[in-house]
Structures are given as C-alpha cells and as structure tokens.
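Okay, so here's the structure we're looking at.
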Amino acid sequence: MVLSENLSQVEERIHAACARAGRSRSSVTLIAVTKVFPAQAIVDAYALGLRDFGENYVQEFDAKAPGLPELPGARFHLIGHLQSNKSRRATDLFQVIQTVDTPRLAQRLHEQARWPMEVFLEVKLSGEEAKHGAAPESLPVLMAAVRGCSRLQLSGLMTMPPWSEDPEDSRPYFRRLRELADAHHLPALSMGMSNDFEAAIEEGATHVRIGTALFGKRVKR
Ligand SMILES: *Cc1c(COP(=O)(O)O)cnc(C)c1O
C-alpha cells in the first residue's frame, strides 16, 4: 500500500532530523493532514498507527466525520482558520484548535466547548496579506485571554511560513517561532509541512503537519 510506504519514508526522515538535532523521536508528534481526502484516508492512517489528524475546514470535516468508525485515542486538530460562526461546531468536532488568533475567538471557544480544548495560538510571522494569525506583539494579550478561559488549555504556538520550494527559506520563521515560545514559556511548537518538516524539527518543532508526503498530491476541489 502506498500510504504505508510513504509513512515509512516520512518516519525515516523524522528520525534522521531528530538524530541531527539530538532529540528523541517521541518529542515530535506527527499530524496526518487529511484535508481534501476522504474519511477512508483517516481510517487507513489510523490502522497504520497514526493518532493525530489535521483538517483545515470545519465544514469539510463535519461532512467526513459521520463516515468514521470509533477510533479510540484519535485526536483531531483544526489547523485552518476558524470563522467565528463555525466555532461551536469546531468544539464538537475537534480536540485541538491550532488557529486561535484573537481574544474574541478564545472567549467564544471557551463559552461553547463542552469539554476542555487544547489550543495553539497561530502566529503570523510574514507580511503576507492573505495569512491569518496574531502578530508577535499581540501574544501577551492573547495568552492572557486564553489563560483566563478555564476550558482552554494553552499548549503552544503554530505558524505557517510563506510557501517556498526551498526548506531553508522556512528556517528563519521556525527559529523565530521557537524564540517566541521560549520567551513566553510555551512548550509546544506546531510547524513544518511536507516540504520543510526536517528544518522545523531541527529548529524545535514538537508537532509537524504532513499531508502530501503521506497521502500524495491533493487534487484541487
Ligand atoms: C495543508 C496544510 C498542511 C499540510 O501541507 P503538506 O504540504 O501537504 O504537507 C499543513 N499545515 C497547514 C496549516 C495546512 O493548511
């Protein structure tokens, strides 16, 4: 099966990057990004031992979730921008919200969540217009807001550098995110995708979000 071969290759690359950085494999969580792929992709990846899954759109995952059997221990991460009118549904569908970027969104999630939600703050480190995420300067206020929400557990920071062929272009963004997390004493760093996750691990990623390298190219919807 292609997925199991792809997973072996990704695992080899994660191990090698951990070795280069003097880190243990267990310090990195592999999140399988299943956006655009059907529910079966999640079931197949689960059968191969994966437990963390990333989806970008509440609506897409809402349509997919009924097709999933019970998957004990599976954790679903929302890694795409969360519109406030979708926040209630998001708290039903996901265990982890990686894209909290305003105090208002944090407050909504807190009010709507029926169980404790793990939260990452999405940080925007580039000047790209289209990107969501909080400015680094706004982190203290955002962190205080999240910490004031008893149903939210703050894990760390998440970012997505500008797209580039060359993973070395992403490295300065990864380094900057780690410096911010260190400065704010946050343990988790969600950074690195199929093309640049090794650099991310070398710079301290605790969560890598990998789609293409596992499931192949996404066909545009
Ligand atoms: C799609 C996506 C990924 C996975 O990207 P690949 O290049 O397919 O590995 C990771 N993080 C976010 C936020 C994404 O939107």
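What is the gain in length, in nm to one decimal, between residue 218 and residue 86 on full extension, counting 0.36 nm per residue of separation less the C-alpha to C-alpha distance?
That pair, residue 218 and residue 86, stretches by 45.1 nm at full extension.
Taking the Cα centre of the range 14-118 as the origin and placing charges on Cβ (Lys, Arg +1; Asp, Glu -1), which of 46, 109, 24 is farthest toward the positive end of the dipole?
Positive-most Cα among the choices belongs to 24.
Quick check: pseudo-label points 7 Å beyond the Cα along Cα→Cβ at residue 129 and residue 15, how many nm apart are they?
Using points 7 Å along Cα→Cβ, the separation is 4.6 nm.
Using the Kirkwood radius built from alpha carbon pairs, what does the Stokes-Einstein equation give as D for the range 1-73 at 37 °C and 0.692 mPa s, in µm² per second?
Approximately 243 µm²/s, per Stokes-Einstein.
At a Förster radius of 30 Å, what calculated FRET efficiency corresponds to the Cβ-Cβ distance of residue 137 and residue 168, to the nearest 0.05?
It comes out at approximately 0.70.
Using per-residue counts of other Cβ atoms within 10 Å, averaged over each peptide, order 81-93, 64-76, 149-161 from highest down.
With the highest mean Cβ count within 10 Å placed first, the list reads 149-161, 81-93, 64-76.
Report the gain in length on full extension from residue 71 to residue 59: 0.36 nm times residue separation, minus Cα-Cα distance, nm rounded to one decimal.
Taking 0.36 nm per residue and subtracting the Cα distance, the gain is 2.3 nm.
Enumerate the amide H contacts of residue 149 below 5 Å, restricted to partners 5 or more residues apart or on another chain; note that Pro and chain-start residues carry no placed amide H.
none
Taking the Cβ of residue 196 as the center, what net charge do the other residues with Cβ under 13 Å away carry, scoring Lys and Arg +1 and Asp and Glu -1?
-3
Using the charge dipole of the range 176-220 (Lys, Arg: +1 at Cβ; Asp, Glu: -1 at Cβ; taken about the Cα centre), state which of 204, 181, 216 has its Cα farthest towards the positive end.
Of the candidates, 216 comes out farthest on the positive side.
Nearest 20 debye, what's the magnitude of the dipole of the chain about its Cα centre given +1 on Lys and Arg Cβ and -1 on Asp and Glu Cβ?
600 debye
If packing is taken as the average count of other Cβ atoms within 10 Å, what order do 112-118, 185-191 fall into, highest mean first?
185-191, 112-118
Based only on Cα atoms, what Rg/Rh ratio does the range 63-184 have, Rh being taken as Kirkwood's radius?
Taking Rh as the inverse mean 1/r over Cα pairs, Rg/Rh reads 0.99.
I need the shape label for the chain. Rule: rounded when a/c is under 1.5, else prolate if a/b > b/c, else oblate, with a, b, c from the alpha carbon gyration tensor.
Because a/c hits 1.5 or more and a/b fails to exceed b/c, the chain counts as oblate.
Residue 51 to residue 153: extension gain in nm, 0.36 nm per residue of separation minus the Cα-Cα distance?
Stretched out fully, the residue 51 to residue 153 stretch lengthens by 34.8 nm.
Every read-out reported here was derived from the displayed coordinates using simple, explicitly stated rules and does not represent laboratory data. For clarity, every value in this text was computed on a predicted model and none was experimentally measured. Reconstructed Cβ throughout: ideal geometry from the backbone, glycine too, with neighbour counts over all protein chains shown.
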